[in-house]
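The values are calculated or read from the model by the stated rules, or taken from the named source; none is laboratory data. Treat the numbers as computed from the prediction; the structure is a model and nothing was measured. We place every Cβ from the backbone using ideal geometry, glycine too, and count neighbours over all the protein chains shown. These area figures cover heavy atoms from the full protein model, side chains too; ligands, DNA and RNA do not enter into them. Shrake-Rupley method; radii C 1.70, N 1.55, O 1.52, S 1.80 Å.
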Amino acid sequence: MATSNSRSCLKYLLHLAHDNLDFRLPEITALLALRGKPFHPCENFREKAPFWCLNDLSEEDVHSIMTRSICAKSAFELWGHGQTHSELKASLLNYPPENMSPFTHKDSTYRINVYTFNKTLEFADRIKRIDALEYLSFEGTVSLKSPQHIFCLLEDYGTDPNNIPEQPNYIYFGRWIADGQRELIRSHSVKNRHFIGNTSMDAGLSFIMANHAKVKENDIVFDPFVGTGSLLVACSHFGAYVCGTDIDYNTIHGKGRSSRKNQTWRGPDENIRANLRQYGTEKMYLDVMVSDASKPVWREAALFDAIITDPPYGIRESTRRTGSNKDITRPPEGIYVESHIPVSQAYHLSDIFADLLNFSAHHLVMGGRLVYWLPIYRPEYCDEMVPHHPCLRLISNCEQTLSSHTSRRLITMEKIRGPEEVDRLAHLADLRFSPYQGHNAFREKYFSGLNKRCSKEDNKTDVNGK
């Protein structure tokens with residue numbers, strides 16, 4: 001049988017889930033980058049469409065994407081396409097026979113499926129569409145239960161459920177290659193997770209964040225606001241070693257009140273490590289510790305391949321850091337109080353993101369990625385509000401709408417230079433870079449007012465925002 005490398009003019013079709021539309025392109029682009037491949041769509045590419053046609057890939061590239069993608073449902077080797085069935089027929093008849101023959105010879109078994117987007121066809125209509133493909137030279141035997149090859153006729157009826165056309169807008173035919181990893185959304189649902197909290201990250205979004213960060217096997221991934229460890233679970237699934245910190249002692253140690261209905265207190269084995277054990281990735285668990293994200297506790301070195309986090313917004317989880325504005329009597333140096341509980345104070349959102357970007361600039365490896373959520377008040381949002389840093393380049397900015405006035409944006413940044421290089425360039429140019437560029441009075445006012453605005457909306461929306 002001929003291999004995919006021996007066949008020419010191959011194009012591939014991705015069928016994408018029609019949710020989290022903003023997240024799809026950055027995910028596929030990041031997964032291609034892990035293979036060293038650029039994103040090359042075919043002409044007439046539409047980002048919001050349910051089907052994407054891609055060029056310049058091998059079948060191995062497509063398999064690699066589909067072993068990780070949450071946004072892609074299925075992938076096909078595209079044999080033909082057109083706006084009508086007549087155009088589809090002409091396209092299929094022009095497809096190189098040598099590309100078809102390894103899958104249509106007399107010793108093969110096959111099945112043809114019909115899929116429609118935004119419209120449901122009766123069974124009889126599906127059979128008619130399959131019968132209409134009799135012009136294809138299938139010499140093998142039909143096997144509905146266990147075919148060697150699966151082919152699919154895909155019809156796109158647009159994205160408006162209130163205006164479904166009689167005829168499809170576009171039609172595709174191809175050989176099925178692989179399905180994506182949508183099953184992970186169900187298998188890793190927080191509803192069935194051993195240890196959860198009020199703001200445990202949704203499983204699907206956790207895996208999408210790991211993909212945006214290009215997390216791969218043997219990476220070291222850090223979450224400075226680790227909570228119940230949902231992001232560590234996703235990253236460990238892809239073979240990364242994971243660790244994290246959080247200022248909440250009870251969460252880190254699995255103590256205190258439970259977030260589950262009809263359960264008052266957490267059980268003896270409710271902790272982050274138990275979550276990884278539940279999914280068979282405990283060996284990827286490094287550790288978690290109680291720590292204040294605003295205080296330097298790590299040695300000055302590039303330690304992490306990725307930093308992935310969901311900072312607290314001050315809505316369902318308070319934004320606190322250690323410290324006090326009051327004069328506090330401290331014990332003499334070298335004398336430690338055994339049961340000391342640090343005093344905490346407010347940790348403003350603008351400071352959280354300034355510290356997060358500065359920490360990432362110092363502790364990410366070169367080319368490592370920072371992925372985090374930024375809360376937004378939509379009527380006042382503009383792209384200039386996204387925090388930036390001279391060491392980090394913005395890769396993507398994806399919105400998840402929470403209500404008519406609020407949303408949060410998944411920000412992905414990549415380290416492109418070290419702090420020492422920034423200091424050298426600043427010295428040569430007689431400039432001084434602040435660790436958080438653009439930290440002006442408007443942004444301070446914007447962030448300080450966000451909590452009050454969001455608190456009014458929070459009762460109307462059911463999301464895992466913090």
**Asked** From the list GLY244, GLY239, GLY174, which one is in contact with a Lys or Arg (Cβ under 9 Å, 6 or more places away or on another chain) and not in a loop (DSSP other than H, G, I, E, B)?
**Response** GLY174
**Pairs with Cβ under 8 Å, 6+ apart, first in the stretch 172-195 and closer than 16 Å to GLY229 by Cβ, second part of a strand (DSSP E or B)** = none
**Pair list, Cβ < 6 Å and 6+ apart or interchain, from the stretch 336-358 residues that are under 16 Å from PRO224 (Cα atoms) to residues that are open to solvent by less than 50 Å² (accessible area, probe 1.4 Å) and at pLDDT 90 or above** = ILE352/PRO311; PHE353/PRO387; LEU357/PRO387; LEU357/HIS389
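Restricting attention to the stretch 378-388, which residues are outside any loop (DSSP other than H, G, I, E, B) and either under 22 Å from the mean Cα position of the chain (by Cα) or basic (Lys, Arg) (or both)?
Going residue by residue through the stretch 378-388, those that are outside any loop (DSSP other than H, G, I, E, B) are 378-380, 383-385, 388.
Listed by number, the residues that qualify are ARG378, ASP383, MET385, HIS388.
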**Subset of the stretch 1-19 (residues that are at pLDDT below 95 and surrounded by 16 or more Cβ atoms within 10 Å (Cβ to Cβ))** = SER4, ARG7, LEU10
**Prompt:** Does CYS382 satisfy being surrounded by fewer than 19 Cβ atoms within 10 Å (Cβ to Cβ) and at pLDDT 90 or above?
**Reply:** yes
**Message:** Criterion first (out of contact with any Pro (no Cβ under 9 Å at 6 or more places or on another chain) and at pLDDT below 95) does ARG193 satisfy it?
**Reply:** yes
**Complete:** Considering the stretch 166-190, residues that are of a type in the set (Asp, Glu) and within 28 Å of GLU59 (Cα to Cα), and then whichever is surrounded by the most Cβ atoms within 10 Å (Cβ to Cβ), we arrive at ASP179
**Fill in**
Selection over the stretch 177-192 where residues are under 28 Å from LEU10 (Cα atoms) and assigned to a loop (DSSP other than H, G, I, E, B) yields a count of 3
**Asked** Looking at the stretch 131-165, which of the residues that are closer than 18 Å to PRO50 by Cα and among the acidic types (Asp, Glu) is surrounded by the fewest Cβ atoms within 10 Å (Cβ to Cβ)?
**Response** ASP160
